[in-house]
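Take this structure, written in structure tokens, and hold onto it; I'll ask about it next.
The values are calculated or read from the model by the stated rules, or taken from the named source; none is laboratory data. It should be emphasised that the depicted structure is a prediction, and the values quoted were computed from it without experimental measurement. Cβ coordinates were reconstructed from backbone atoms using ideal geometry, including for glycine residues, and neighbour counts include every protein chain displayed.
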Amino acid sequence: METALHSSNPGPIVLFGSGETSPSGRKIFDAIFSRLAATNTRAAALKVAILETPAGFELNSAQVAGKVGDFISQRLQNFNPQVKLVPARRRGTPFSPDNEAILAPLFDADLIFMGPGSPSYAVRQLDNSLAWQYLLVRHRLGAGLALASAATIAISACALPVYEIYKVGEEIHWKAGLDLLGAFGLPVVFVPHWNNTEGGEDLDTSRCFMGRERFEPLLSMLPGGQTVVGIDEKTGLLIDFGVRLGTVLGSGLVTLIRDDQEKRYPSGESFDLDELGEYRLPEAGVGIAPGVWQAVLEQTSQRDQPDGPPKEVRELLMTREDARRRKAWAEADDLRQRIASMGWQVKDTPEGPVLEEI
């Protein structure tokens with residue numbers, strides 16, 4: 001299979017401020033599952049791969065990842081998720097993020113999840129690893145990503161070393177992150193736990209336990225052009241490349257800080273991705289080793305053969321979903337008719353839209 005036959009069609013990304021296994025987390029997961037189900041060419045099930053890497057230094061990393069897996073299996077049963085843990089824990093061990101054998105569930109995952117642990121450890125283990133390269137390829141080909149806690153920080157352009165500063169007492173600083181969105185022209189720094197109040201009245205633990213006093217000088221230490229995205233607890237940010245929007249989900253706010261300007265978006269509101277930088281859709285294989293790109297294509301080619309709605313119909317469905325979110329009902333009705341003219345009927349269900357062949 002030739003690489004040139006495939007263009008970049010990135011899947012949605014959801015970033016949790018916290019609470020990925022809470023009732024609000026279920027609703028946030030539901031949003032990304034619904035989008036993936038709408039574009040899934042296979043029937044019945046969505047495959048989920050959970051990377052243990054951010055918690056790989058902990059002796060109970062399997063239990064940490066397994067807790068999320070159990071939550072998805074039990075609380076999102078309507079999507080019939082098939083969950084597999086990927087124990088890519090530490091380089092130089094049999095459970096290395098460079099071990100091809102243990103990374104196999106990534107090849108056909110509809111959704112890849114990473115969550116709690118240490119941001120610095122996650123970056124150190126994943127940077128230029130086979131696991132990270134596989135994740136990038138799958139995302140560019142349409143797999144969704146769900147990232148929480150340490151993983152939300154680690155995929156930033158600059159990663160906040162929370163434990164080193166808050167627990168160990170190191171001087172404030174940033175570390176290079178995995179820069180997931182750099183290829184999209186979006187130099188973004190994600191900060192979960194933005195409105196944390198664990199310190200009570202005596203200690204400001206907002207801004208991911210940094211507090212305002214430490215976070216202000218941290219802002220001044222960032223390279224020029226960075227956009228800081230603060231995500232409140234029990235809140236998610238859904239990034240949908242198909243419609244170029246970021247949508248706030250859950251119970252709190254998302255705060256954008258760019259060029260010394262601060263904007264706040266409450267739950268239910270959306271913003272254009274250009275708010276984060278000069279958004280562009282990357283070429284499919286940019287930043288990915290050609291050999292890795294081709295290997296993943298070969299592994300997933302049989303699964304990705306269309307046996308359901310064609311790509312044009314699925315794209316119209318996503319455009320219709322955007323129109324419905326904007327309450328542009330006339331536009332949504334027109335899109336439903338266009339889809340029907342192509343031989344497919346849209347059924348709106350509580351779990352999201354479903355396409356049925358007429």
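Given the conditions (1) among the aliphatic types (A, V, I, L, M); (2) touching a residue at least 40 places away in the same chain (Cβ under 8 Å); (3) part of a loop (DSSP other than H, G, I, E, B), and given that Leu203 satisfies all but one, which numbered condition is not satisfied?
(2)
Would you check if there is a residue in region 275-295 being assigned to a helix (DSSP H, G or I), farther than 30 Å from Phe190 by Cα, in contact (Cβ under 8 Å) with a residue 24 or more places away in the chain and in the same structural domain as Pro105 (by TED's automatic domain parsing)?
yes
Could we say that Leu130 is in contact with a Pro (Cβ under 7 Å, 6 or more places away or on another chain), closer than 21 Å to Gln299 by Cα and of a type outside the set (S, T, N, Q) here?
yes
Something else about it: Would you list the strands (runs of 3 or more DSSP E) that sit entirely within region 229-269 and hold 1 or more residues that are in contact (Cβ under 8 Å) with a residue 60 or more places away in the chain?
235-240, 245-250, 253-258
So, in region 36-63, exactly how many residues are of a type outside the set (Ser, Thr, Tyr) and crowded, with 24+ Cβ neighbours inside 10 Å?
Final tally of qualifying residues: 8.
Considering only residues that are outside any loop (DSSP other than H, G, I, E, B) and surrounded by 12 or more Cβ atoms within 10 Å (Cβ to Cβ), which ones fall in region 166-190?
Tyr166, Lys175, Gly182, Ala183, Phe184, Val188, Val189, Phe190
Can you name every residue in region 76-103 that is buried (at least 17 other Cβ atoms within 10 Å of the Cβ) and under 19 Å from Gly25 (Cβ atoms)?
The answer is Leu76, Phe79, Pro81, Val83, Leu85.
Take Glu262 and decide whether it is surrounded by fewer than 17 Cβ atoms within 10 Å (Cβ to Cβ) and either in contact with a strand residue (DSSP E or B) (Cβ under 8 Å, 6 or more places away or on another chain) or not assigned by TED's automatic domain parsing to the domain that holds Gly169 (or both).
Spelling it out, Glu262 is indeed surrounded by fewer than 17 Cβ atoms within 10 Å (Cβ to Cβ) and either in contact with a strand residue (DSSP E or B) (Cβ under 8 Å, 6 or more places away or on another chain) or not assigned by TED's automatic domain parsing to the domain that holds Gly169 (or both).
Here is a further query. Looking at this structure, is Gly25 modelled with pLDDT of 95 or more, in a loop (DSSP other than H, G, I, E, B) and surrounded by 23 or more Cβ atoms within 10 Å (Cβ to Cβ)?
no
Only one of these conditions is not met by Asp240: (1) touching a strand residue (DSSP E or B) at 6+ places or on another chain (Cβ under 8 Å); (2) surrounded by fewer than 19 Cβ atoms within 10 Å (Cβ to Cβ); (3) not β-branched (Val, Ile, Thr). Which number is it?
(2)
Additional query: Checking Gly250 against (1) closer than 27 Å to Arg124 by Cα; (2) within 24 Å of the chain's Cα centre (by Cα); (3) of a type in the set (Gly, Ala, Ser), only one condition comes out false. Which one?
(1)
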